[in-house]
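Here the structure comes first, spelled out in structure tokens, and everything after it is commentary.
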Amino acid sequence: MPTTRDVVKTGIAGLDTILSDGIPRGNIILLEGAIGTGKTTFGVEFVYHGASKFDEPGIIVLFEVSPDKLIRDAAGFGWDLPALERDGRLKIIFTTRQVFAQELQQADSLLLEEAAKMGARRLFVDGVAGLVDGSAPSGLRREPREEFHVLVEGLQRENLTALLSLELTAEPSVGLPEESIADTVIRLRKEEQKRASTRSLEIIKSRGQNFQMGRHSFRMISDRGIEVYRRVQAPRKASRERAAAFDPATRVTTGVPGLDPIVNGGYLLGSTTVIAGISGAGKSVMACQYIAEGIRLGERSLMLTLDEQVPQVLRNAMSIGIDLQPAIDSGLVQVVYDPPQEIEVDQHFHRIEQLMAVFKPKRVVFDSLSTYAASFATDGQMFRDFFHALVALMKEHQVAAVYNNENPEMLGMSSMMGAKGMSSLVDNIILLNWIELGNVFRVGLTVAKMRANPCDRMTHECEVVNGQGMRVLDRTMLPQLPFARYTSLLSRAPERSVLAGPSDENADNRR
Amino acid sequence: MEHEQVHRLLDRIAVLRDPCDLDLLLFFVRHPRALLSSDQIAALLGYAVKRLGDSLDVLVTVDLLSRTQKPNGVARLYVFADGVAPDWLSPLVELASTRAGRLALRNALDDRRKGVPPVRGGPAGPDQTPEAN
């Protein structure tokens, strides 16, 4: 018995991680799924990577698909199958199920002789349904389970790692006979989501190894092939769990004049900050200033936007005097847009993980959390799982992350994070409110929560000046009656304080 | 033009004598490594087994096709153009990739089989269907 783990890497992007590095060599893999789920592409890629990357020649056995069409379709993914054939590392054999089943039962099988001659280590058989020998006399016919068992025995004799695709016409409610005989069972699905379809992959079982359970998303991408994205809920490395805290010493300044003093000098590294407020209150302006502050300090900064496309973000930043383009060109800043329509959560999270791993930002802004929530509208649990995973990822990378969150209430707030119930995950919450005084909406900023920090919870007035951005005004030095002279600012019916004296009357006249 | 093109091409391909030869060759272009019995190939192409066997022999004789069989095997492994493909193969496949081109080739081969001299520049003959099994 081998003492070290001898695994066959699939080479399919993202899949080997889910499989704990690969599939034990010699396993018989059943790949099942309905029409159009990607079984043939998966099988061809498995053999292609074996022959081209891992020095493991392979054979593809086809029953209905014409080899020239298979070669054409593979070329669309950038796989040059004819080149592998010329090098003797791949053979594509067209046959019938009847011949194939009979071949595997013969000691001097032509098929297996071909495999041995080229040193094949991998085999993909496209479509094993119906391998029962219908030509055999009725008295000699075997049960499908027995027939499949005979097929598997033939493959195991040759120590091939064989991938057998099986077309499902319906999701089986109980295990199929083939599933109990195969060593590894992978099920591909097409899942309907409203009017969209997504593909997912689930490892039902795999003998001799650990793997990550559940449905993981995957896509088939031109010029690349299949990319599998671990489901967002799947556990990541232990370091991410251990990093679920922030650096209690390092502050990251906000870039908004007047804000740092009321957040104790800045957000802590590794902390999670939510800026909540109605649309137009200044959340995106604050986000731009946060990124601009990173540029000023030479810190890599990332803005991930679902609400506005990159040119629009750049134009808005320019309107408050921030030119992001030179920092983008120099590699100090990345602004990434992902359209929120039909967002696929595993793939989106994978993209963020890649950005964090490669770009290594110190500051990250998400604009906005509410758009994520709207995208996952029918699945609140999915949103919570995604946000949990996002917070853990940011903490692992010790990033000071800021999440904008649109609060639908025009005046005041009855809840800091709406119905999301996520505030316990958040370290800092800053509320931006419109406050109607006289015939003017003024903007009030309240630091509602600062985990492990003092927090005065006073409401401060802010203003956004064209070409300059936002600043938090001193509560007592204002050109108009200051907020300090009012009570119940967030109550939707603020009142003048009874302490207002003659000087306040003068101030009131300035309004 | 096509008629002329067909005859010029077939003049270079002495091996093809019968429409079945052509259809079999095109089958192996699409399936260059096939593990099948001759009965199965005949069924796939719609020819009588005897006729198809003759065409298999033609392709094997000129080394366009190799075949291997085990004593107890029901099928043979056919490998097409394992070495260098002849220079006429590519234009032949291209011409046969359209229905009109394939029919013109078949008709010209049918004429050859019957000993009808080619009419240079003339129209293609009537459609021919594969022989019944």
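Every number here is computed from the coordinates shown, using simple stated rules; none is lab data. Model, not experiment: these values are computed from the prediction. Positions of Cβ are generated from backbone atoms using ideal geometry, with glycine treated the same way; all protein chains shown enter the neighbour counts.
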Separation in nanometres of the label points that stand 7 Å from Cα toward Cβ, at A:A34 and A:A234: 2.3
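Using a 10 Å cut-off around each Cβ, can you sort A:S301, A:S222, A:S66 from fewest to most neighbouring Cβ atoms? Mind dumping the intermediate values first?
Details: A:S301 26, A:S222 8, A:S66 14.
The fewest-first ordering by Cβ neighbours comes to A:S222, A:S66, A:S301.
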Loop-located trypsin sites (Lys or Arg not before Pro) in the range A:153-256 whose Cβ has at most 16 other Cβ within 10 Å (DSSP): A:K194, A:R195, A:R207, A:R224, A:R236, A:K237
In sequence order, calculated HN-Hα J values of the range B:59-73 (Karplus, 6.51, -1.76, 1.60; Hz; x Gly/Pro): 5, 5, 4, 8, 6, 7, 9, 10, 9, 10, 9, 8, x, 9, x
Using θ = phi - 60° and Karplus 6.51 cos²θ - 1.76 cosθ + 1.60, couplings along the range A:29-42 (whole Hz; Gly, Pro as x): 9, 9, 10, 10, x, 6, 4, x, 8, x, 5, 5, 4, 4
Electrostatic dipole magnitude of the range A:238-473 [Cβ: Lys, Arg +1; Asp, Glu -1; Cα centre; debye, to 20]: 620
Long-range HN-HN contacts of A:M303 with modeled amide H, under 5 Å: A:Q334, A:V335, A:V336, A:V365
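Restricting to DSSP H runs of at least four residues, report the calculated mean residue ellipticity at 222 nm for chain A, -39500 (n - 2.57) per run over all residues, nearest 500 deg cm²/dmol. Let's see the in-between values first.
Working: 16 runs with 153 residues, N = 511.
That comes out to -8500 deg cm²/dmol.
What does the charge count around A:V7 come to, taking other residues whose C-beta lies under 15 Å from its C-beta (Lys +1, Arg +1, Asp -1, Glu -1)?
Details: positive: A:R5, A:K9, A:R25, A:K53, A:R121, A:R122, A:R207; negative: A:D6, A:D16, A:D21, A:D55, A:E56, A:D183.
Overall, the nearby charge balance is +1.
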Burial ordering of A:V8, A:V464, A:V391, fewest other beta-carbon atoms within 10 Å first: A:V464, A:V391, A:V8
Value at 222 nm in deg cm²/dmol, rounded to 500, when DSSP H runs of n ≥ 4 in chain B each add -39,500 (n - 2.57): -15500 deg cm²/dmol
Sequence-distant lysines (8 or more away, or on other chains) whose Cα lies within less than 23 Å of A:K362: A:K237, A:K283, A:K395, A:K449
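Kindly give the semi-axes, whole Å and largest first, of the ellipsoid equivalent to the range A:287-354, taking each as the square root of 5 times a Cα gyration tensor eigenvalue. Display every interim value, and only then the final one.
On the way: eigenvalues 103, 42, 15 Å².
Square roots of five times the eigenvalues give 23, 14, 9 Å.
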Share, in percent, of DSSP beta bridges within the protein assembly as shown that are antiparallel, nearest 5: 50
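Using the reciprocal of the averaged 1/r over all distinct C-alpha pairs, how large is the Kirkwood radius of the range A:7-229 in Å? Kindly include the intermediate steps, with their values, before the conclusion.
On the way: mean 1/r = 0.0565 Å⁻¹.
It works out to 17.7 Å.
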Residue among B:L35, B:L105, B:L56 with the largest mean-square fluctuation in a Gaussian network model of chain B, springs linking Cα atoms under 10 Å: B:L35
Rule-of-thumb Rg ratio for the range A:238-473 [Cα; 2.2 N^0.38 Å; N residues]: 0.95
Check: the range B:2-114 dipole with +1 on Lys, Arg Cβ and -1 on Asp, Glu Cβ, in debye: 320
Radius of gyration and Dmax over the Cα atoms of the range A:199-337, both given in Å: 20.0, 61
Relative exposure of A:V333, B:V93, judged by other C-beta atoms within 10 Å (fewest first): B:V93, A:V333
For the range A:459-465, Karplus couplings with θ = phi - 60° (6.51, -1.76, 1.60), whole Hz, Gly/Pro x: 9, 10, 7, 10, 9, 10, 9
Overall Cα dimensions of the range A:185-278, principal axis frame, Å, largest first: 58, 38, 27
With eigenvalues of the C-alpha gyration tensor scaled by 5 and rooted, the range B:19-117, Å: 23, 16, 12
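What is the magnitude of the charge dipole of the protein assembly as shown about its Cα centre, with +1 placed on the Cβ of each Lys and Arg, -1 on the Cβ of each Asp and Glu, and no other charges, expressed in debye to the nearest 20?
Values: 75 positive and 81 negative charges, 184 e Å.
Charge dipole of the protein assembly as shown: 880 debye, to the nearest 20.
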Two-decimal ratio, chain A, of alpha-carbon radius of gyration to 2.2 N^0.38 Å: 1.29
Distance violations [Cα-Cα > 22 Å] among A:K91/A:K117; A:K117/B:K50; A:K53/A:K91: A:K117/B:K50
